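Report on the following structure.
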Amino acid sequence: MKPTDTNDPEFFHKIVDCQYACPAHTPVPEYIRLIAQQRYSDAYLINWESNVFPGVLGRTCDRPCEPACRRGRVEEEPVAICRLKRVAADYKDDITARLPKAGKPNGKKIALIGGGPASLTVARDLAPLGYELHLYDAQSTAGGFMRSEIPSFRLPAEVLDEEVGYVLDMGVHTHFDTYVDSMAEILDKDYDAVFVGCGAPRGRDLPNLPGRQEADANIHIGLDWLSNVAFDHIDKIGKRVIVLGGGNTAMDCCRTSRRMGGEDVKVIVRSPYADMKASPWEKEDAVHEGIPILDNHVPMEFVVEKGKLVGMKFDKVEAVYHKDGRRELVSTGEEPAFYPCDDVLIAIGQENAFPWIEDSTGIRFTSWGTPIINDDETFQSTRKDVFFGGDAAFGPSNIITAVAHGHKAAVSIDLYCQGKQLSKRPAPGVTLVSQKMGIHEWSYDSVPTDDKRVAVPLVDLKEALSSRDLEVELGFDPQAAFVQAERCLNCDAQTVFTSGNCIECDACADICPTSCINFTQNGEEEELRQRLMVPAENLEQDLYVSETLPSGKVLVKDEDVCLHCGLCAERCPTAAWDMQKFLYSMAKATPDLMVIK
Amino acid sequence: MSYIKPKFRHPRLQKNALGFTVADYDGAISTLCAGCGHDSISAAIRNACFESAIPPHRIAKVSGIGCSSKMPTYFLGKSHGFNSVHGRMPSVATGASLANRALTYIGVSGDGDTASIGMGQFIHLIRRNVNMTYIVANNGCYGLTKGQDSATADLGSVAKGGAVNPFDGIDLASLAILQGASFVGRSFSGDKEQLEPLIRAAMAHNGFAFIDVVSPCVTFNNHTGSTKSYSNTREHLEPMALDFVPMREEIRTQYAEGSTQSVTLHDGSVIHLHKADSGYKTDDRMGALNAIQSGNDADRILTGLLYLDPNSKDLNTNLNLATRPLNELGRRELCPGSKVLDSINEGLR
Ligand SMILES: Cc1cc2nc3c(=O)[nH]c(=O)nc-3n(C[C@H](O)[C@H](O)[C@H](O)COP(=O)(O)OP(=O)(O)OC[C@H]3O[C@@H](n4cnc5c(N)ncnc54)[C@H](O)[C@@H]3O)c2cc1C
Ligand SMILES: Cc1ncc(C[n+]2csc(CCOP(=O)(O)OP(=O)(O)O)c2C)c(N)n1
Ligand code: SF4
Ligand code: SF4
Ligand code: SF4
Ligand SMILES: [Mg+2]
C-alpha cells in the first residue's frame, strides 16, 4: 500500500466516527469534552454552529452518530451523544450576546419557501453576510414539521421557540399564514435566488381498501392528524385506536392518541417487528406507554356496521427473505384477524408534492416526484436560481439531514449570488494540534472509563399520559452527564505518526490494548489486512500505513478499534507518535461563525 | 503518565486451545522507560505462553534485581512469581523446581544480575540442568542504577558519558554452552518473529534452556558508539530463522527441500530451523562455539537456536526425585511410617 496521506482531511475525519456519520458533521467529541468540563455554553455554541438546533436535536435527532460510535465496537453501547447534546442546551447560560448578528446589507434578496429546519439553516448561514431573507410558510409560525408533527411531549414548544427565534432574530422577513401557490409569482418578485424547503407534506392513504369511503369520518391521515393536534384543531380521539404503520410517524400517532383519550391503542404493522422503520428507542417508548405492536398483519378491510367504523380485518403474513435480499410477505392462510376500534390513524409513509411549481418555471422533477438536482453538494435545481433542500430535495428524511442540506445550499446560493462557479466550493475548516502537556501528559482524559451507558430518566408514566405537553424525558443531571461524557473515547485525538523518528523498538505495538499497531512487510491492502495481528475485517475503517522504515518493514495501524488512549505515544521514546486534536468544520457560507477558545 | 491499561481489548482477538486470548496473559502496565527493549521481551514471553496455550496458573516467574528483573510484573499477571534478591534468582528457581516439578519456570534476569553479582549462582544452575527457561535481557549496562557498564559490555563500546570500555565482555551464550547447558539460544528484543518461537521451544525443552536476548536500554545505552543500541544491533544482526510446532499439532507449512532442518524435542514438539543449507547443526557443541566465535570475529551477532541436546536429563530426573510435586503428596507418602523407616535403616546396616 502507499503511505497514508494524512494531509487529506478526510483521513482523520473518517476516524471521528460520530462526526463523520453526522450529516452536518458536528464535532461531537469536542462538545462532549466541554460538557465534562461543565462549559455548557461553549458546548452549546459548538453545536449551534454545526446543527443550528441543539436543544431540538438533543431531544429528537435520529442520531446516525450513535450506531457509528466507536464505543459501540469495543463494548455494548455507544456514547449517549444525542442526550448529551440536550445537556448542553439545558444547562447553558444566556448565550444570545454571543450569537452572530445580521450583516451589513449586501443588496441581495433571497426567498425561502417553507419555515422548517432546512430554510432556517439557509437563513442562519446567509444572514451574517447581509442577505435580505424572506421566509414564507403556510403556518402561523416557523419550525415546519418540528412544530406541526413532532409532539410537544417529545419537544416542548419553548425549546423550539428559542432556537427558531435565534434565527428569525437575525432580521429575517417572515411571511406567515402564506401558502405559496405559484412558484412563477415568487420568481416574478426579483429575488436573486429562491430556496425551496417545503418538506414532504403529503401523507399516504389506503384509498382502495374496502370500507375506506364509508368509514372516512373515523379514518385520519397521521400527518394531518398530528398537525391538527399540534395546532389545537383536534383535542380528542376514540377509546380504541388502531395506528397503521411502523415508522416514526406511527410511533408519534400512537403515543399522542394515548394522551387524547385513547385507552386501547395498538400499532399494527405489515412487516416483522425487527424490520420496522421506527428507531429502536421510539418503539421502546411506545411499548413503555402500554401500546402493543402487532407485526406481520397486512390490512384487508375497514369493517363498517350501520355506516360506522367498528374495526379492521388483517391478513396474517410471514416474511420470506429471498437470496437477492428481497422480502416477500406471504399469507399464513389463517383466518383473517379482526380488531375492533373507534378510530384509525394511517401512518404508512409520506410523499413530496409540488402542485404549486409550474412547468413553465423550468424546474424539472424525477419520476418519483422529487426535483432533479445538480448534485448533492450544490442542491441547485434545473433552474439555476432555484435551490432545494431538506425533505423537499430527496424525500422524507430527518432534521439533521435538512440542516446539512441547508448548509450546502447556503454555500451554493452565496456563490451563485456572487457570480462564482458552484463547483469551486470552499474547503472544510481543519486544524490539527498536538495535545502534549508534558512527557506523558495529554490535554484530554486519555484513559477510557469503564462506566456503562444509562438511559435518561423519565417522568412518572401516569403523569406523562395525562398531558399532551408534559415532556416525558427529564434529561441527564450534571453528575450523570459527566459520567456519560467521560465514556467518549476522544476519537478526534488522532494518533499521528512521523516515520523518520521511529527506531522500531515495538513499544507502541506491545502496549496497544486493542492490538491496532503492527510492524510488518508492506503488501496489497486485501492481503495486508489479513496479515495483521488481528485481521482488519472492518472494511469501513482505514489502515494507516507509514513510509518504509529502516528495517524494510512498514507500520500498519488498523483504525477500527483504536481507543485513542495515547499509550502508544506515551511508550514511544522518540515521539514518533503524537496525539493531535483534529478539528473539522464542514464548509459554511459564513466561516468562523463561532470561535470557542 | 497512564498507570492503567484500558480494559477494552480487540473484540475479535484470537483464542488459543484453552479458550484464552492473549489479553489473559497480560500483566500490569510497564513502568520501564518508554522504548526499553525489555518491554518487547515481556510481550514476546506473553505471546509465546499464549501461543503454546500454557495455563497461566501453571507458570512461575522468577527474577532477581534490575530493570530486567522487574519485567515479570508486566506479563502473566495471573501466574505465580518470585522477585528475589540481586543475582540470587537461581537458588529460588532451583528450590521451586525441586518442590514442584510440574510448573513451567520462566526466569528473567539482566546482564548485571547474571554476569556480575549472580555469576556464581548462574553457573550452578547450568551445571545442575534445572528444568527452566532462563532469559537474560542483555543491554550491556546496569540500567536500573543509571547505566554503568556491565560485564557483558563489549570491548570498545562507548558509554553514554563517553568512557570507552577497556574490558572484553563476557559472552553468556558461549559460557552456557561450555558449561554444558542443554539448550542455548540468542536473540534480539526487536525480532519477535525469532524470539517468540525460541521461547516456546525453550519452554518445551526438558532441562535448562538459556536465551541471551540483546535488549537495548534506550535511556543509557542507545547512543552512537554503543554496541548494544537498536541501530547497531540491527546492523550487525545475523539471524537464523526458526519455527516451533508443539507436540500433537499438525505440521501445516511445507518447506522447500534442503532449506530446513527439524529437531524433535522429548515431548514430540518440533523446531524447524531455516537457512539449514549453511550446514548449521544444533547438536554440535564445538560447531556452535566455533560459529559464535567466527561471528564475533566478523563483527556479526549470530542469533537463533545455537545449541540443543534434546535428550538432556534435568535435575529432578537425574537425582531420581519424586515424580509428582511435593504439594500433591499425601500423608502416607510423606510419612510412610516406622515399617519403611526400619527397612531403610536395615539397608544401611
Ligand atoms: C410525525 C413525524 C415525526 C418526526 N420526528 C422526527 C424526529 O424525531 N427527529 C427528526 O430528526 N425528524 C423527525 N421527523 C422528520 C422531520 O420533521 C423532517 O425531516 C424535517 O422537519 C424536514 O425539514 P424541512 O425543512 O425539509 O421541512 P419541514 O419541516 O417539513 O417544513 C416545511 C414547511 O414548509 C411549509 N410549506 C410547505 N409547502 C409550502 C408552500 N407551498 N407554501 C408555504 N409554506 C409551505 C410547511 O407548512 C412546513 O412548515 C418527523 C416527521 C414526522 C412526520
Ligand atoms: C546486592 C545488591 N547489590 C547491588 C544492587 C544495586 N543494583 C540494582 S540493579 C543493579 C544492576 C542491574 O543490572 P542488570 O541486571 O543488567 O539489569 P538492567 O537494569 O540493566 O536491566 C545493581 C547493581 C542491589 N540492588 N543489590
Ligand atoms: S467515542 Fe466519542 S468521539 Fe468516538 S465515536 Fe463515540 S462519541 Fe464520537
Ligand atoms: S491510542 Fe495508540 S495505544 Fe491507544 S488504542 Fe490507539 S493505537 Fe492503541
Ligand atoms: S533504564 Fe534502560 S533498561 Fe532500565 S527501563 Fe530504562 S531503558 Fe530499560
Ligand atoms: Mg542490564
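Taken together, the values in this text are just the output of simple stated rules run on the coordinates, not laboratory data. Because the structure is predicted, anything quoted here is derived from the model rather than measured. In this analysis, Cβ positions are derived from the backbone assuming ideal geometry, glycine residues included, and neighbour counts consider all displayed protein chains.
Between B:Ala44, B:Ala202, B:Ala34, where does the largest GNM mean-square fluctuation fall for chain B, given springs only between Cα atoms within less than 10 Å?
Per the Cα network of chain B with a 10 Å cutoff, B:Ala34 tops the list.
Looking at chain A only, what percent of DSSP beta bridges run antiparallel? Nearest 5 please.
Within chain A, antiparallel bridges account for around 60 percent of the total.
List the residues whose amide H sits under 5 Å from the amide H of B:Ser262, counting only those 5 or more places along or on another chain, with H placed 1.01 Å from N in the peptide plane.
B:Leu273
Rounded to whole Hz and in sequence order, give me ³J(HN,Hα) for region B:137-151 from the Karplus expression 6.51 cos²θ - 1.76 cosθ + 1.60, θ = phi - 60°, writing x for Gly and Pro.
After applying 6.51 cos²θ - 1.76 cosθ + 1.60, I find 8, 9, 10, x, 7, 8, x, 4, 9, 5, x, 4, 4, 9, 6 Hz.
Amide H of B:Leu306 versus every other amide H placed in the peptide plane: which residues, excluding those fewer than 5 positions away on the same chain, fall under 5 Å?
Here B:Val184, B:Gly185, B:Arg186 satisfy the definition.
For the Cα atoms of chain B, what angle does the longest principal axis make with the long axis of helix B:285-297, in degrees from 0 to 90, nearest 10?
That helix lies at roughly 20 degrees to the long axis.
How much mean residue ellipticity at 222 nm does the protein assembly as shown get from its helices, if each DSSP H run of length 4 or more adds -39500 (n - 2.57) and you divide by all residues, to the nearest 500 deg cm²/dmol?
Result for the protein assembly as shown: -8000 deg cm²/dmol, rounded to the nearest 500.
How do the peptides B:20-30, B:125-135, A:428-438 rank, highest first, by the average count of neighbouring beta carbon atoms within 10 Å per residue?
Details: B:20-30: 19.2, B:125-135: 23.9, A:428-438: 13.5.
Ranking the peptides B:20-30, B:125-135, A:428-438 by packing returns B:125-135, B:20-30, A:428-438.
Mind jotting down the distance between the C-alpha centroids of region B:78-133 and region B:1-58, whole Å?
The distance from the Cα centre of region B:1-58 to that of region B:78-133 comes to 22 Å.
Taking 20 Å as the cut-off for C-alpha to C-alpha distance, list the pairs among A:Lys266/A:Lys313; A:Lys236/A:Lys462; A:Lys14/A:Lys557; A:Lys313/A:Lys462 that go past it.
A:Lys313/A:Lys462
Could you work out the mean count of beta carbons from other protein chains within 10 Å of each residue's beta carbon in A:496-509?
Averaged over the peptide's residues, the number is 4.
Contour minus end-to-end for A:Asn208 and A:Asp451, with contour as 0.36 nm per residue of separation and end-to-end as the Cα-Cα distance? Don't skip to the answer; put the middle values down first.
Numbers: separation 243, 0.36 × 243 = 87.48 nm, distance 5.33 nm.
Result for the pair: 82.2 nm of gain on full extension.
Explain nothing, just compute: Karplus ³J(HN,Hα) = 6.51 cos²θ - 1.76 cosθ + 1.60, θ = phi - 60°, for every residue of region A:553-561 in order, whole Hz, x for Gly and Pro.
8, 10, 8, 10, 10, 8, 6, 3, 10
Can you give the local net charge around A:Leu567? Use residues other than it whose beta-carbon is closer than 12 angstrom to its beta-carbon, Lys and Arg +1, Asp and Glu -1.
Residues close to A:Leu567 contribute a combined charge of -1.
In the calculated pair distance distribution of the protein assembly as shown, what percentage of Cα-Cα distances lie above 39 Å?
Every Cα pair in the protein assembly as shown considered, those over 39 Å come to 57 percent.
Is there a pair in A:Lys104/A:Lys588; B:Lys61/B:Lys160; A:Lys553/B:Lys192 whose C-alpha atoms are over 24 Å apart, and which pairs would that be?
Exceeds cut-off: B:Lys61/B:Lys160.
Students often forget the sequence filter, so: which aspartates and glutamates lie under 13 Å Cα-Cα from B:Lys281 once same-chain residues fewer than 8 apart are removed?
Correct list for B:Lys281: B:Asp309.
Find how many whole Å separate the alpha carbon centroid of region A:227-300 from the alpha carbon centroid of region B:275-349.
That distance is 78 Å.
With θ taken as phi - 60° and the coefficients 6.51, -1.76 and 1.60, list the Karplus ³J(HN,Hα) couplings across region A:115-124 in order, rounded to whole Hz; mark glycine and proline as x.
Computed from phi, the couplings for region A:115-124 are x, x, x, 5, 5, 5, 5, 4, 4, 4 Hz.
Step through the table entries A:Lys408/A:Lys597; A:Lys283/A:Lys316; A:Lys239/A:Lys283; A:Lys452/B:Lys70, compare each Cα-Cα distance with 23 Å, and write down the pairs that go over it.
Violating the 23 Å limit, Cα to Cα: A:Lys408/A:Lys597; A:Lys452/B:Lys70.
What's the angle, to the nearest 10 degrees (0 to 90), between helix B:338-348's Cα axis and the longest principal axis of chain B?
Once rounded, one gets 70 degrees.
Pull out a ≥ b ≥ c, the square roots of the eigenvalues of the alpha-carbon gyration tensor of region B:22-323, then state rounded if a/c is under 1.5, prolate if not and a/b is larger than b/c, and oblate in the remaining case.
Rounded shape, in that the Cα axes give a/c under 1.5.
Return the percentage of antiparallel bridges among DSSP beta bridges fully within chain B, rounded to the nearest 5 %.
35 percent
Between helix B:37-51 and chain B, what is the angle of the helix's C-alpha long axis to the longest principal axis, kept within 0 to 90° and rounded to the nearest 10?
40 degrees
Quick one: net charge around A:Pro27, please, counting Lys, Arg +1 and Asp, Glu -1 for every other residue with C-beta under 11 Å from its C-beta. The partial results should precede the final answer.
Values: positive: A:Arg33, A:Lys581; negative: A:Glu30, A:Glu49, A:Asp492.
Residues close to A:Pro27 contribute a combined charge of -1.
Sticking with the crude label model, points 7 Å out along Cα→Cβ, report the distance from A:Val430 to A:Asp188 in nm, one decimal please.
Simple spin-label model gives 4.9 nm for this pair.
With +1 assigned to the C-beta of every Lys and Arg and -1 to the C-beta of every Asp and Glu, and no other charges, what is the dipole magnitude of region A:172-298 about the Cα centre in debye, to the nearest 20? All intermediate terms of the calculation are to be shown ahead of the outcome.
Numbers: 14 positive and 21 negative charges, 137 e Å.
Value, rounded to 20: 660 debye.
Once amide H atoms are placed 1.01 Å from N in the peptide plane, what residues at a sequence separation of 5 or more from A:Ile150, or on another chain, have their amide H within under 5 Å of its amide H?
none
Would you mind pulling out the separation of the Cα centroids of region B:214-233 and region A:413-477, in Å?
If you average the Cα positions of each part, the centres end up 47 Å apart.
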